[in-house]
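The values are calculated or read from the model by the stated rules, or taken from the named source; none is laboratory data. Being a predicted model, the structure only gives us computed values, none of them experimental. Here the Cβ positions follow ideal geometry from the backbone for every residue, glycine too, while neighbour counts run over all protein chains shown. Please note that ligands, DNA and RNA were not included when accessible areas were found on the heavy atoms of the full protein model with its side chains. Shrake-Rupley method; radii C 1.70, N 1.55, O 1.52, S 1.80 Å.
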Amino acid sequence: MQHHKFEKKLFIGGLSASTTEEQIKSYFSRFANIEKCSIILDKHTGRSRCFGFIIVSKKSSISKILSTKHVIDTKKLEIKPAFPKEKIVRYSGSRKIFVGGLLPEITTSELTNYFSQYGHIEDSIVMKDRASGKARGFGFVTFEKEESAENVMKNYENHFLRGKWIECKRAVAKDKMNLDSGFNESVQSSPGPRKLSVNNEEYTEELCKSLIEFILDEE
């Protein structure tokens, strides 16, 4: 039952701070029967974190919701499937996690300090642009034990750094793919019609997305 529950769960981001659960449920009821709706609140202030989750009664409703643009209280929403927790079992051999949605000022030290509550950390890094030195908004944390990474994923909805929710996903284990030695260099030296240009912001963004897709198994 738990498995099917997460297949029908959607992340709702970009909400107005004043939007209520009743509004969200009423709005999405146009597209599906909503079993549950929740807005994540700040533990200290009780205010909305401007994102939440809905669970629909039928899995078939998911594609209809995802194929439509949604606006509540003049805010354009970000809708995507919630992380299916069954992937925790599938990737049980991985001690490495991807961390996305980081604020530009987040440092590797801060990343390490936050995730150290889950166990000893072997390595962590906030990825930066090689040319500008600016943070890319994502990073990686490798724990000494698989159990630590698993506990991070179990707490998926409640990870915040400097008041902003961050998204954690399992990264492919090193025995499947070794990307520790410079993805940028391998792309730059590989044959193909496009080469890395430090002045091409569009391609820099494309490279960033490719790196994420390359490391994460989204099957």
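Below are the figures for this structure:
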| quantity | calculated |
| --- | --- |
| Qualifying residue in region 5-20 (condition: exposed (fewer than 11 other Cβ atoms within 10 Å of the Cβ) and either farther than 24 Å from Gly101 by Cα or in contact with a strand residue (DSSP E or B) (Cβ under 9 Å, 6 or more places away or on another chain) (or both)) | no |
| The lone exception for Gln188 - which of (1) open to solvent by 50 Å² or more (accessible area, probe 1.4 Å); (2) assigned to a strand (DSSP E or B); (3) modelled with pLDDT under 90 it fails | (2) |
| Output for region 128-172, where each listed residue is of a type in the set (Lys, Arg) and touching a Cys at 6+ places or on another chain (Cβ under 6 Å) | Arg136 |
| Qualifying residues in region 161-175 (those that are at pLDDT below 80 and surrounded by fewer than 18 Cβ atoms within 10 Å (Cβ to Cβ)) - the one farthest from Arg95 (Cα to Cα) | Asp175 |
| Answer residue from region 21-42, given it is of a type outside the set (Val, Ile, Thr) and in contact with a Phe, Trp or Tyr (Cβ under 9 Å, 6 or more places away or on another chain) and is most open to solvent (accessible area, probe 1.4 Å) among those | Lys36 |
| Residue list for region 113-122, restricted to those being surrounded by 13 or more Cβ atoms within 10 Å (Cβ to Cβ) and in contact with a helix residue (DSSP H, G or I) (Cβ under 9 Å, 6 or more places away or on another chain) | Phe115, Tyr118, Gly119, Ile121 |
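This table checks each residue for (1) at pLDDT 90 or above; (2) outside the structural domain of Glu147 (by the TED database); (3) within 16 Å of the chain's Cα centre (by Cα).
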| site | (1), (2), (3) |
| --- | --- |
| Glu21 | yes, yes, no |
| Ile24 | yes, yes, no |
| Asn33 | yes, yes, no |
| Ser38 | yes, yes, no |
| Ile62 | no, yes, no |
| Lys69 | yes, yes, no |
| Lys87 | no, yes, yes |
